[in-house]
Structures are given as C-alpha cells and as structure tokens.
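Accompanying notes for the structure given below.
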Number of protein chains: 2
Amino acid sequence: MKHTVTFEPDNVAIRVDKGTNLLEAALAAGVHINATCGGQGVCGKCRVMIEAGEVDSEKTENISQEEYEQGWRQACRTSVISDCTVQVPLESRGLRRVVAQKLDMGKAERKIADLETIPLAEGWQFDPVAIKVPLQLTAPTLQDNVSDLSRFSAGLRQQHDIENISVDIQCLKIMPNILRTSDWSVTATLTADPAPNMLLSQKDKDRPLKLVRMERGDTSEQNLAIGLDIGTTTICAQLIDLKTGRVMAERAEYNRQVEYGEDVITRIVYAQKPEGQKKLQSLVVSSVNQVIDELLEDTYTSKKSISCIAAAGNTTMTHLLLGIETRHIREAPYVPVANFMPVVWAADIGIDLPDCVQVYSFPSVASYVGGDIVSGILGSGVFQKEELTLYMDIGTNGEIVLGNRDWLVCAACSMGPAFEGGGIRHGMRADRGAIEGFHINPVTLEPMVITVGKKKPRGICGSGLISVLAGLLSACVIDRNGKFVRDLPSDRIRPGRFGYEYVLAWAEDSGTGHDIVITEVDIENLIRAKGALFAGCLTLLETLDLSFDDLDRIIIAGAFGRYINIEKGKEIGLFPDIPVERFHFLGNGSLVGSRLVCLSRGMLGEVERIAKMMTNIELSDNPSFMDKYMGALFLPHTDARLFPAVSKYLEANCKIIRSERKAR
Amino acid sequence: MKHTVTFEPDNVAIRVDKGTNLLEAALAAGVHINATCGGQGVCGKCRVMIEAGEVDSEKTENISQEEYEQGWRQACRTSVISDCTVQVPLESRGLRRVVAQKLDMGKAERKIADLETIPLAEGWQFDPVAIKVPLQLTAPTLQDNVSDLSRFSAGLRQQHDIENISVDIQCLKIMPNILRTSDWSVTATLTADPAPNMLLSQKDKDRPLKLVRMERGDTSEQNLAIGLDIGTTTICAQLIDLKTGRVMAERAEYNRQVEYGEDVITRIVYAQKPEGQKKLQSLVVSSVNQVIDELLEDTYTSKKSISCIAAAGNTTMTHLLLGIETRHIREAPYVPVANFMPVVWAADIGIDLPDCVQVYSFPSVASYVGGDIVSGILGSGVFQKEELTLYMDIGTNGEIVLGNRDWLVCAACSMGPAFEGGGIRHGMRADRGAIEGFHINPVTLEPMVITVGKKKPRGICGSGLISVLAGLLSACVIDRNGKFVRDLPSDRIRPGRFGYEYVLAWAEDSGTGHDIVITEVDIENLIRAKGALFAGCLTLLETLDLSFDDLDRIIIAGAFGRYINIEKGKEIGLFPDIPVERFHFLGNGSLVGSRLVCLSRGMLGEVERIAKMMTNIELSDNPSFMDKYMGALFLPHTDARLFPAVSKYLEANCKIIRSERKAR
C-alpha cells in the first residue's frame, strides 16, 4: 500500500510504501533535512512538524512532551502510515529542490527497490544441478544376485527413469553397508557432472548424472545448494533450497585475503612468496567456511543437507580458490592458466563440508574478465535478448560487457576498488553504520546522512560515495576537478592530511568516536575510477561503431548498498547521460548466475556457451582508451556534450546557489 | 631348424627344434629316462649313448673320459644339433611307449610352445590407451593472450588433430611453470578416459582424452604401460611399450596376501577383521609395487615412463585392490558391490608410481566370474568368432565360459587352488626348481623329473601335477580312486603322515634338502579340483542342450608352467576326451586381455560389451552340478563312455604293465 507524503514549504510530494521511514522519504524526494547520526535518533537534528495525516513515531528524548503534542517528530524515527503533510523547519532547508523541479528531475532520489530489477534469464527449467531420490530396493536372493551397484542402478531406472550415471569410488566403499543397514531403503544424491573434470568442448548434451552420496532412509527433503560470489573484497553466499528453488538465507563476509592487499594485483604479488599461494587459498576458503556456517546457523540446517556449490569469482579469485598459480595474470601479457576449471571436491580444497560436495567454478573469459561476469551475463539473460545491452559490474574492479544474443564483447576497466571503499579513507562495505544516503544543504553546508541499519555512521559504502560526491558537486562544495571550493562558511570543510576534506559526521555523532570525512584524495580516486569505467564503455562502443544512444538497456551489477542512485551516478559521470528508464539494476549479478546454475542444470551448457561467445577487448595497451580516460577525469566529463542534461542542471543549480550564498 | 631324434631300442622318433634339451625331447617323445635331479646334471641318472649324429654336450663328473669317448652323455646336459640316434640304457627303460604307439598317442608329450596358441582378438587397431604427444607452442603476446590451457588445446588441435580433452586440476597446477621453463616445448600424456569415473552405460563412442601429465621437452618416446593380472596366488605383469606395442618384460610374484589364506574365501574372512581390509589392500599393492620394480629394473626404465595400468583380477581381488568391501561376495547370495569399477589414480591406492598414472580395472560378471575372465575372453577373441568355444581358466579357482560371438554363458567351478599348488604338500608356483615334467618307469618305478630352470626339484607346479597324476595313473601306481597300489616293489612308495605317498625326489636330489613327495591327500585334492571343473563344463553344456562333441574349440588359460599336456589332462579327466586338435592354449589369458586394452583404446568399449553379454550360471545351488561332481571324483570318470579313447588306452596299458611286473 502506498501513501503520499507532501513536504512543505517546497510543496514536493512523493508516493512511498506504507511503513517507509520519513527521512528516507525526504532523501528520495530530494528534500534536505539535517541529519548527522545516520538515523539512529540521537543527534536530534531531523526535527519536522507533522501538519496533517497520521504517522507512526517514537517519542524521543530530543522532543519535549509539549513539542510532541504540537506535532514535532524526529524524521528518522518516524514511519509513514497514511497520506501526510510534513513541514521542514528553516534550519534544515536548502534550495536544491527548486532547481530539480525546474529540470524535471523529480525522480532524482529513488530507492533501489524501486529501480526496475532485471528478471532472471528466461527459458530455464527447474531441474536442480543436484537431486536427491529415495529408493526402495529388494534384498538380493540366489535367483537375483546382481551386484549392489546393478541393483541400485535398476532402482534408479525403474523408480526414477534415470539411466546414465557415473559413480565415485567413495560411494562404492560405503554402498554395501548403507544398503544392508537401511533395509534397502536409501536416498541417492546425484549431481550433474558438468564436465567429467573439465571438457574444453563438450558436445554431449545428455550429460550423465554422478552418484556422490548415499544415505539411509528417505532424506530427499534435505537438498540444499550454496551459491557463492567470491569477490576480491567480499564473499557473498546464498543458501538455496533445491526442492523449492527458494533462497533460504543470504550472507556476506569480508574475504580474509584482504589483509594481504586490497586488490588482485597485491594478492598475486603475495602469492608469489613462499607459501603465499597456500596462505591465500586457505584465507579465501576460511572466509567461505565462515559464510557457510552463518547460513546454516541462520536457517537451523545441517552441513549434511548441502549437495553442491556453484562459485563465481573473478579470474584471480577462481585461481586462488582452486590453488592454481596466478603470477601470469599480473605480468604482461596477462595470461590465466585456464578459463575453464575442473569441478573439484569441496573437501579437497579445504571447504568444511561432507566429502560428497562438489564445487563448480564459473569459467572466465580473460585475466580480468572472470566467472563473476559470465555468471552475471547468464543471470541477467543478456545473452538471450535482441536488445543491445551494456552490462556494468562495479565491484573491486569494473568489468563491462556489451552485446545481445548474437554477440558479446567485454573489457576490464582497471577502475580499482574505490567504489567498494578501497583506497577511500573512511570507505567500507555496505555494513551497519555505512553511510548509504547523503544530501548537503548548499547554504548551511549541513549534511543529511542515512546509514545502513540506521546506526551511527562508521564509514561510507559504495552507494554512499556516489551520493556524497554528487551532493558535494551539485551543492558547489567541490568544483568540476573535484577540489573543494575554498572559503565556504563551514567548519565541516577544513584542510587535512590528505588535502581538504568535508566532515560527514563529527566524532560525537559517529560510531567510531572519530570524525568521518571525505578527502580530496578520496575524491581523486573516485574520479579516476569512474573515469576508467566511462572510458572503457566509450571505447567498447566505439570499437563497434556505436554510441550510448544506441543502447537499449544498461544493467548495473555490483556490491552496492541498498541505495543506488542513477541520477547522482550520471551527475558525477559514472553512468552515461541517457534516460533513467533504460537503466536496470541486478545487484550481485554473480550471485544471481550462481543461483541459476544451482536451480537448472541445463544452464551449465549455457554458461560454457556464454564464456566462449565473449570476446575480450584488451584496454591496457589501447591508446584510444587512454585518451578517453584522460578526458573523463572531470566531473562529469571534459566534454559537456556527452552529458547534456546533467551539465545543464549543474550549471543552473550552481548559479542559484552562488546567488543564494551571496544573499545570506 | 628342426632335427629328428630317434630313441632306441624302442625306435621312437621325434622332430624337435635345434638346441632342444635331450631329456625334454625324450619326455616329449614319451620315452622314459631316469632323472631325479630335475635336469641340473648332478644325479647322473639320465645317461644315454649317442649312437649316431652330433650333439652339443658338456662332459660332466658323472661320465668318465672313457665313457665320454664311447658316446655316453647325460641327457639333461645335452642339446640336439643334428639328426641323431640315442640309445636308452636298460636301467632307464620302461614300456609305456609300446602301448602308446599302438593307440596312436604319439603326440602325447608336447611342449606348450608347440601347442597351437590362440591369436589375439581381431579387428583391433593400434591406438594405445595412453598417448604422448610433443607440442611446440608460441609464447603469448598482448595480441594473443589466451589462457595457457587454451594455447595448449589449440596446439593439440593444430599439431595432433586432438579436439576433445578433459583436464585434471593437478595438471593445471603445474602447467604454467612447465610451459615457461621449457621454452613452450612440452609433451602431453593423454589417456582414454574409459569412463569418467565409471559409466554404467556409456553411449558416447567418442570418449574424450584426458590430460594426465605434462613434461618439459619431447619425452614422447618414453611411453609405457603395465598390464596386470591380479591373481589370488600370483601377480603377473607385463611392461608394454606403447610406442611399438612390444612386451618389454614380464614378471610374476606371489600375491603377498597368500599369508592370510590361500583362497579368496579365507581372504574375505580376514578382511572382515578390524583393519583386515586395509591390510589385504596394502599387501596386494605391495606385491604390485614389487613386480613393477622388477620390470623396471629388468629393462633399465624409469617410473616416469609409465603412463597407465590395466588390471584384470577376479572379483574379490579387484574389490580388495580398490579397497571395496568383499564380505557379501562370500555370504549367500554372493553379491559383489559392483562389477564395473571406477578408474582410480594408482597413487591413491598406494601404487608407487607418479600421480598421473590411472588404473583401469576390468569389469566382473559375478562374485566368482571376474575381470580376469572378461579379459581372457577379450584377448582370445571368443566374443568375435562363430565357432562354439569352451574357455577354461585354471587358476586359483576354475572359471569357464561357453559361447561365441552371439552369446556367452559362464560359471565358476569352486575347484580351489590345487592345480596352482594350493593345498598340495609340495605344491608351488612354476618357479625355478618346480617339477613341470614327469614320467615314471612302470616297472622300476624310478622317476624322470624335469624342473623349471633345470634346477634341483623344490616342489611341483600345475603342469607338473597333471604330469605326476597322469603318470602315476597310467603306470598303475595309483588306482582309479587315486589310491596307491599296495606292495609295489619300490621304497619310493611309502606310508606317510598324509596317507601313502610317492617320493619324486630324495632329499639328496632335492633343492630343499627334504624329500619331495606327492601324497594321497594331494591326489584327493587334485581329483576334487578336476572333478569340479569337469562337472561345471558338463552342466554348462547341458544347460544349453549341448555336448562336448559340439565344441569347435577349447581354450586353456591359466598360470601353468612351460609344459602343459592335453593328453595327460584327458587321462586324469581334467579335460574332455575330444581330439587334441581342438585344444588351444592361451597361457595367462587375463594378461593377454590387459595388454590388448593397453594397446587399443577401442577395446575398452568391447570389454564393457563382453561383461554385459556374459550370463552367469550359479552352480553352487544347482543339484545337477552336484550329481555331476560326484560322478567326476574318479580317474578319469565313473562314466567310461565320457572318456572312450582314454579308458581304452588306460585299460590296455595296465594289462601290459601288470603282466610285465609279474614277469620280472
């Protein structure tokens, strides 16, 4: 159910879901309300007056009984439960809204949940990669004394119409005992053998199933899979019920390799040290183990229920997970050992799961276009559609894919981990306390800060960084080069160790006890990152004689927080200046593809086809890319013609702000 | 080149190869010459006079200079090098020859080398199960930076027309280093992946090759395989050069499991003890390791040259080798865990060979018809011919197969290990010093003993036991029940701990320092063994409404010594009384099939087809088999009509001997 919230005195209205937080509604409407504690309710700055309609609100210490009865509330502790009118007091008010209305940018702030989410790839059948089938067999007699395995196979054929299986020797070792101690009633776990080890070219569509586990009695209800995204910074995992297709739980943890370097390059350098490779493998595996433990704890399930793992990661992470040398990925000419990886036993690489669990790794395309991208292309269905799509994955690095069902080209943009918080003074993952929403009052220069979990701010996550950069730019606090405008009347802007900086949260308002800031060096890093991504997209398009206007869709994937803001992304030149309707959101694309493979073994063949279909364009030695990169080191870009709407808005806005500032 | 040797005064002639030992020539001609030291030249009993022609002979201590000049020689130290006439002195002469001539049994004694050896299965192509291909690759550049594996695969495709491969992760781990330290010149070992682990039904003929090893430089000349026959008593192995198809060496060793029981039943009982299974696996593996070490030592080759192993064994041995439970093979209803076994890594089961070596195990048909029989049927080509063939494998047990290219039935006969020397007081393997040829002077009761390697006798091997039993029977030393005739005038026949016994070699002539004897209990065991085999054959034939006369061929396989004598086998009722021309010899059939699989990967599919084609007839609960078994506990058989020629000969012979004995 939706309700309309009208913010006065600007007379801006927004329709939101019942229960939406009022501070989030204001941010979404582009209405500034001072807020510095991230939404925890302690700074008391986000006071508003409810003039009409009902809201659900706590009485906080910052509001006296008298004020409460007058209608004063803290926006961050208030939920919308009816149509209502909200008066924003003078101390909060900015003026951005006026300009935004003029430019018809009313959609500027939207929750990602509202951004159109791309549907899964089409045409897949629910046919899980691991199945569990119960069998009731008859005991052997002298007249019918075929081998245990023959009896078992006949049961599969007769009771489940399964013909073609392969058997691991471990299963043969336990088979006679299991059959006889279960009164010949057992459950078999069979997995798609995606490639008997690994086939470079597998023509046989009718891939045999492989018997990996036998259990006493009927355990066929317990059949789970783990979908993994092995990121350089973060390991994300889903626990998937293969009986229903439902995602039972999702968890993310830092990749413990992070302590040996923030990006793949430093990891590879470390891997070359004695025992370095082993160390990094054991770290990523221990992170995987932790995240699996959490999933099982969350859902009260047992390790024994897990039948298989599908893991998508970039090329370096996939190599490290499997214990394969990474050195030549780093050194020119950037050669991975293999793009297609064998299926391995989870236990063999140290994953703390039963012997019968196999790990399927998504194939890579090149050293810097990995299985995570292939997985995302699978999950998003880009390879099935006629529409020309640009797929952007903004993780620890930026990878882009351009194409449709007929062709796919891809490239890695070397944008680095800035938008994941890497190399940013107070950058962090989208965990509790991460600033994900930001607005600045262009006159008072006071911030409006919303954090994940409404906790005191601890740092800034990816979507927060986009918000902050765009906010500072459109409020004329930084210039087009990313430098702070000097002599603005706020102690929040000050010189620091890393150039000028803006204080997003004072120590007393922060969750760390220190000021949370964004520095000019941070901004430089962000500009370089967005410049690389944009230049990569432009190069890829030009290679095929295309422009941004030719794109039917842009799909944004990556580990952003709960908010992502396309308009703000355009303002800083991260995303191209094309209509917001063409943008779609996939979230963690890599995880989407992993889940899809778990649910549909037919997709294993599609994964292989996609990986082979993708042509990698090497940008690192491409002079045209370097030119475009230099041109993109500006906010939004040196060439205003590439960002017509954004440039127009920024110019108009700045003019108003400057005159307003003079007036005060 | 052949020469004719004429033995006087019987005027018996035989054509033998140049260089044939004179004592062996006499045995082959059915001429008795006393000889008790096995052919070592020390007993001095085999004195003969060369009357015409030239021989190659040592002057031994037992012949004086004067005698030597007169033409006296020791037969066992003399070789035939021209046509010659040999006078056998009175003290050696028997009379069997006279009868034999009458009955036209001149072929009675023949070397196995002269018995028609069955050719290998037809229609196989030399296409070894493991190939080694040299590759010269180009180093990667920024313009050509595909993965190492892609580069390698492209090389396989371009340089060797090999398309479809699978890769083990171990190879990926070493691949980057091997490629770069070899200047991109490597050799790949690829094996037929007979079943990705194990397929119950493999339709795809175009089985992919599997990359199992990468080496620097061109090592393609060193490509060897091991063909193994894992017998209950003996492990036989051949080292096969996969470049030429040549057998480089052959070796046999006792299966060290023997100390835990002579037959599979006692092994299975032992395996049920705690750690028993592991112990037996480690023993058979250590025997395999020993025999492989010997093969490598014999040929000055290295373990690194070995690319694969094909192993055929009975069902129990195959289970034990792979570490799979055997218990239900022994207990009714006699169920093996599996007939088709997965391919395993040699190193995983403890075989001391490089990681890259896989072990292919031949499939079994039932608990007591194992992969060794399937291997023999493959090697002998029985499954390809129109001729109706009876295949008999006389190893530690007796297995028989009846059929042709259209159908195959088989059975296990529970004959036990007697003809391999098991349960025989002085039974032994066909090693140096094993009595393999035997004759007895029916009047003097002195023996003619020939041993493997012409060493002092240490025991009696399989072919020797047939010789001894037939010799004692046809010389009327034992009766048709296998009991010694009492009161014969020889101290070689005496009562002993195991009933009456015959001394084949006195302590001073033996290699052990003890008398070598055959006892009535030994003879009982041999009769039971041959009875079971014969009854099994008869039952199988009757099941299909056939008789021995319908057989086009009988193929004898098994671990006999260098001699096997069909006529003597018939005399004791081991073989049916049909013309000797229909008998063919295969030797170690299991080893023949193993070799064939190593040489031709197309044969892997045929092996599977044979195993599925064979129908097992369970004899253990078959009343008709029990009747036939009781009838066969007689020499040659209670029903003389089943052995018409043999019965006639034995009767006539005994009559002459008895009158001769009376006369003296």
> Checking B:ALA347 against (1) touching a Phe, Trp or Tyr at 6+ places or on another chain (Cβ under 7 Å); (2) more than 10 Å from every other protein chain (Cβ to nearest Cβ), which test does it fail?
Replying inline: (1)
> Restricting the search to the stretch B:156-175, which residues are at pLDDT below 90 and at the interface with chain A (Cβ under 9 Å from one of its Cβ atoms)?
Replying inline: B:GLU163, B:ASN164, B:ILE165, B:SER166, B:VAL167, B:ASP168, B:ILE169
> Can you tell me which residues in the stretch B:318-335 are facing chain A (nearest Cβ under 8 Å) and more than 13 Å from B:ILE230 (Cα to Cα)?
Replying inline: B:GLY323, B:ILE324, B:GLU325, B:ARG327, B:HIS328, B:ALA332, B:PRO333, B:TYR334, B:VAL335
> Given (1) surrounded by 22 or more Cβ atoms within 10 Å (Cβ to Cβ); (2) within 14 Å of chain A (Cβ to nearest Cβ), where does B:LYS612 come up short, assuming only one miss?
Replying inline: (1)
>> I'm checking my understanding of the structure. Among residues of the stretch B:619-664 that are part of a helix (DSSP H, G or I) and touching a Ser or Thr at 6+ places or on another chain (Cβ under 7 Å), which one is nearest to B:GLU524 (Cα to Cα)?
In response: B:GLY631
> Do you know which residues across the stretch A:485-527 are free of Cβ contacts under 8 Å to residues at least 12 places away in the same chain and hydrophobic (A, V, I, L, M, F, W, C)?
Replying inline: A:VAL485, A:ALA507
> If you go through the stretch B:617-641 one residue at a time, how many are touching a strand residue (DSSP E or B) at 6+ places or on another chain (Cβ under 9 Å) and either among the acidic types (Asp, Glu) or more than 14 Å from chain A (Cβ to nearest Cβ) (or both)?
Replying inline: 2
> In the stretch B:452-472, which residues are crowded, with 24+ Cβ neighbours inside 10 Å and either out of contact with any Asp or Glu (no Cβ under 9 Å at 6 or more places or on another chain) or assigned to a helix (DSSP H, G or I) (or both)?
Replying inline: B:VAL452, B:GLY462, B:SER463, B:GLY464, B:LEU465, B:ILE466, B:SER467, B:VAL468, B:LEU469, B:ALA470, B:GLY471, B:LEU472
> Could you say whether any residue in the stretch A:560-580 is modelled with pLDDT under 95 and closer than 30 Å to B:SER147 by Cβ?
Replying inline: no
> Among (1) among the small types (Gly, Ala, Ser); (2) assigned to a loop (DSSP other than H, G, I, E, B); (3) more than 9 Å from chain B (Cβ to nearest Cβ), where does A:ALA338 come up short?
Replying inline: (3)
> Across the stretch A:138-149, what is the number of residues that are small (Gly, Ala, Ser) and facing another protein chain (nearest Cβ under 7 Å)?
Replying inline: 1
>> Between A:LEU533, A:LEU591, which is touching an Asp or Glu at 6+ places or on another chain (Cβ under 7 Å), in a helix (DSSP H, G or I) and under 26 Å from A:SER375 (Cβ atoms)?
In response: A:LEU591
>> Condition (residue is among the hydroxyl-bearing types (Ser, Thr, Tyr) and at pLDDT below 95) applied to the stretch B:265-283: is it met by at least one residue?
In response: yes
> Would the stretch B:539-551 turn up any residue that is part of a strand (DSSP E or B), of a type in the set (Phe, Trp, Tyr) and either out of contact with any Gly (no Cβ under 8 Å at 6 or more places or on another chain) or more than 16 Å from B:ALA470 (Cα to Cα) (or both)?
Replying inline: no
>> Just to check your reading of the model, which residue among A:GLU386, A:GLU399 is charged (D, E, K, R), without any contact (Cβ under 8 Å) to a residue 24 or more places away in the chain and not assigned by TED's automatic domain parsing to the domain that holds A:TYR500?
In response: A:GLU386
>> For the structure I just gave you, tell me whether B:VAL357 is β-branched (Val, Ile, Thr), in contact (Cβ under 8 Å) with a residue 12 or more places away in the chain and away from chain A (no Cβ under 14 Å).
In response: yes
> Can A:SER79 be described as among the hydroxyl-bearing types (Ser, Thr, Tyr), modelled with pLDDT of 85 or more and touching an Asp or Glu at 6+ places or on another chain (Cβ under 7 Å)?
Replying inline: yes
>> Quick check on the stretch A:10-29. Is at least one of its residues assigned to a loop (DSSP other than H, G, I, E, B) and closer than 17 Å to A:ILE63 by Cβ?
In response: no
> With respect to B:LEU321, is the statement that it is aliphatic (A, V, I, L, M) and within 21 Å of the chain's Cα centre (by Cα) true?
Replying inline: yes
> Does the stretch A:294-326 hold any residues that are over 17 Å from A:VAL344 (Cβ atoms) and free of Cβ contacts under 8 Å to residues at least 40 places away in the same chain, and which are they?
Replying inline: A:GLU297, A:TYR300
> Quick check: is even one residue across the stretch B:496-519 among the basic types (Lys, Arg), crowded, with 24+ Cβ neighbours inside 10 Å and outside any strand (DSSP E or B)?
Replying inline: no
> In this structure, is A:VAL133 modelled with pLDDT of 90 or more and buried (at least 23 other Cβ atoms within 10 Å of the Cβ)?
Replying inline: no
> Of the numbered conditions (1) of a type outside the set (Phe, Trp, Tyr); (2) under 21 Å from A:GLN358 (Cβ atoms); (3) surrounded by fewer than 20 Cβ atoms within 10 Å (Cβ to Cβ), A:LEU142 satisfies every one except a single condition; which is it?
Replying inline: (2)
>> Condition (residue is more than 9 Å from chain A (Cβ to nearest Cβ), out of contact with any Phe, Trp or Tyr (no Cβ under 6 Å at 6 or more places or on another chain) and part of a strand (DSSP E or B)) applied to the stretch B:177-185: is it met by at least one residue?
In response: yes
> Checking A:ASN481 against (1) exposed (fewer than 15 other Cβ atoms within 10 Å of the Cβ); (2) part of a helix (DSSP H, G or I), which single condition isn't satisfied?
Replying inline: (2)
>> What pairs come out if I take residues in the stretch A:407-422 that are closer than 19 Å to A:SER620 by Cα and touching a residue at least 24 places away in the same chain (Cβ under 8 Å) and pair them with residues that are charged (D, E, K, R) and surrounded by fewer than 24 Cβ atoms within 10 Å (Cβ to Cβ) whose C-beta lies under 7 Å away, six or more apart or interchain?
In response: A:GLY416/A:ASP263; A:PRO417/A:GLU262; A:PRO417/A:ASP263
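The values are calculated or read from the model by the stated rules, or taken from the named source; none is laboratory data. Quick caveat, the model's predicted, so the values are computed rather than measured. Reconstructed Cβ throughout: ideal geometry from the backbone, glycine too, with neighbour counts over all protein chains shown.
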